[in-house]
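A short write-up of the structure that comes next.
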Amino acid sequence: QVQLVESGGGLVQPGGSLRLSCATSGIIFSIYTMNWYRQAPGKQRELAATITNRGSTNYADSVKGRFTISRDNAKNTVYLQMNSLKPEDTAVYYCNTRITSVDFWGKGTQVTVSS
């Protein structure tokens, strides 16, 4: 059974940092591309960052230069380091992977950026 479990969200002031983690089980983690999506209140879910099985990364323009996605294949975990956070980064952040055209999602972790 595929499971993705996010953690690390919380309340942070503008300019602060958070590190999100997504622990996975039930998959051969090392062979799959992993994604972080986010969904702000009243908005559609959007792709924030991607890391391939080879470690290549890609970012949405809105987070480029501030967020860093990484993975630890030994721990079956993907991370999202978020720096210089802005109020507009407030959202629920979801971990995602696609296996044979099927999307798997975690339940999400709330990130709130506010003074």
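The values are calculated or read from the model by the stated rules, or taken from the named source; none is laboratory data. Only a predicted model underlies this, so the values are computations on that prediction, with no experimental measurement involved. Glycine gets a Cβ as well: all are built from the backbone with ideal geometry, and neighbour counts include every protein chain shown. Just so you know, the surface numbers come from the protein's heavy atoms only, side chains and all, with ligands and any DNA or RNA stripped out. Shrake-Rupley method; radii C 1.70, N 1.55, O 1.52, S 1.80 Å.
With the other protein chains left in place, how much accessible area per residue, in square angstrom, belongs to the chain at a 1.4 angstrom probe? Can you show the working numbers first?
Working: 6260 Å² over 115 residues.
Computed with neighbouring chains in place, this is 54 Å² per residue.
Once R0 is set to 30 Å, what does the formula 1/(1 + (r/R0)^6) return for the Cβ-Cβ distance between SER62 and ILE99, expressed as a FRET efficiency to the nearest 0.05? Don't jump to the answer; show the numbers that get you there.
Numbers: r = 27 Å, r/R0 = 0.90.
My answer for the efficiency is 0.65.
At a Förster distance of 22 Å, what's the computed FRET efficiency of VAL5 paired with GLN110, Cβ-Cβ distance as r, to 0.05?
Details: r = 14 Å, r/R0 = 0.65.
In this case the efficiency is close to 0.95.
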(Q) Over the chain, with a Gaussian network built from C-alpha contacts below 10 Å, which listed residue (GLY42, GLY16, GLY26) shows the highest mean-square fluctuation? (A) GLY42
Q: Can you tell me the dipole magnitude for the chain around its Cα centre, using point charges on the Cβ only (Lys, Arg +1; Asp, Glu -1), in Debye to the nearest 20?
A: 100
Q) Rg to Rh ratio, the chain, alpha-carbon atoms and Kirkwood radius? A) 0.95
Q.
Can you return the aspartates and glutamates within cross-link range of LYS43? Criterion is Cα-Cα under 14 Å, with same-chain partners fewer than 8 residues away left out.
A. GLU88, ASP89
Q.
Whole angstrom only: what separates the Cα centroid of the range 21-73 from the Cα centroid of the range 93-108?
A. 10
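Quick one: pull the percent of accessible area on the chain belonging to carbon and sulfur, 1.4 Å probe, ligands and nucleic acids left out. Can you show the working numbers first?
Values: 2860 of 6260 Å².
Within the chain, the accessible surface is 46 percent carbon and sulfur.
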(Q) I'd like the antiparallel share, as a percent to the nearest 5, of DSSP beta bridges with both residues in the chain. (A) 95
Q) Taking the Cα-to-Cβ direction at LYS75 and at SER25 and moving 7 Å from each Cα, how far apart do the two end points lie in nm? A) 1.7
(Q) What distance in nm separates the two pseudo spin-label positions at ASN83 and ARG45, each 7 Å out from Cα along the beta-carbon direction? (A) 2.9
Q: Provide the FRET efficiency to the nearest 0.05 for the THR52-GLN13 pair, computing r from the beta carbons and using R0 = 41 Å.
A: 0.80
